Amino acid sequence: MSTLAADPISSLGFSEAELLASICRESYYDFVLNFWPAIPGAGKMIDSWHIKYLCDEIQYVAERVFKGLPVEHDLICNIAPGTSKSSVFSVLFLPWTWTRMPGARHLTGTHTESLALDLASRSKAVVQSELYQTCFPDIKIRKDSNEHFTNNHGGERITCTVGGKSPMGRHSHFLALDDPLDPQRAMSVAEVKVAENFVNNYF
């Protein structure tokens, strides 16, 4: 006669958190689905086909970095506002890379410092969330600053701004530029030129 264990996961020798951590390490899309609630103020996630598509494209690029392979191409995402681009690219991506490559360094930029710091603070909050710390307890924030924070494995996030704070001299594994041009100034030839020069010289 056989009986089922009351907790089949524990009976296999690992916890529910360890199972979730294993799933999320292997799939950025699963990480996004499970850690979305850890983003401050994100609200309920409305999943759609494009979320998985973006996650798969990002993961393809990231896997080459994890393996130390040359970059094949840059990834450009040009979609409408309000479609979760920043949450997927600029908030959740860093916490996920640290589950696979704790020493990953990220250089992130956008058109204004306030936006850059807001995105960074949300990303840091995910790492410090109860769920993340339960699943990945070995990842701890060491230098606590929204502008530049690091973890206990040497991973870091540095922010810069287009036409403002320069990333000169900074080296990273991942470069992310979120909205290099203020939409309200998109018709300004001068602003477009500044953004173009920034991309060409730094990214």
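The values are calculated or read from the model by the stated rules, or taken from the named source; none is laboratory data. Treat the numbers as computed from the prediction; the structure is a model and nothing was measured. Here the Cβ positions follow ideal geometry from the backbone for every residue, glycine too, while neighbour counts run over all protein chains shown. Heavy atoms of the whole protein, side chains included, go into the accessibility calculation; ligands, DNA and RNA do not. Shrake-Rupley method; radii C 1.70, N 1.55, O 1.52, S 1.80 Å.
Taking the stated definitions as given, is Leu131 out of contact with any Cys (no Cβ under 6 Å at 6 or more places or on another chain) and free of Cβ contacts under 8 Å to residues at least 60 places away in the same chain? No. Taking every residue in region 62-74 that is hydrophobic (A, V, I, L, M, F, W, C) and pairing it with any residue that is assigned to a loop (DSSP other than H, G, I, E, B), at least 6 positions away or on another chain, the pairs with Cβ-Cβ distances below 8 Å are Val65/Val71; Val65/Met101; Val65/Ala104; Val65/His173; Phe66/Met101. When you scan region 11-28, do you find a residue that is part of a helix (DSSP H, G or I), modelled with pLDDT of 90 or more, under 17 Å from Ala176 (Cβ atoms) and among the β-branched types (Val, Ile, Thr), even just one? The answer is no; no qualifying residue exists. When region 165-177 is filtered for residues that are in contact with a helix residue (DSSP H, G or I) (Cβ under 6 Å, 6 or more places away or on another chain) and either at pLDDT below 65 or among the basic types (Lys, Arg) (or both), only Pro167 remains.
For region 80-101, the count of residues that are under 24 Å from Leu33 (Cα atoms), among the basic types (Lys, Arg) and without any contact (Cβ under 8 Å) to a residue 12 or more places away in the chain is zero. Elements of the type strands (runs of 3 or more DSSP E) sitting completely within region 39-155 and holding at least 2 residues that are open to solvent by less than 60 Å² (accessible area, probe 1.4 Å) and among the hydroxyl-bearing types (Ser, Thr, Tyr): these cover 105-110. For beta carbons closer than 7 Å, sequence separation of 6+ or different chains, a first residue in region 24-50 that is farther than 16 Å from Val91 by Cβ and a second that is hydroxyl-bearing (Ser, Thr, Tyr) and surrounded by fewer than 17 Cβ atoms within 10 Å (Cβ to Cβ), the qualifying pairs are His50/Thr83.
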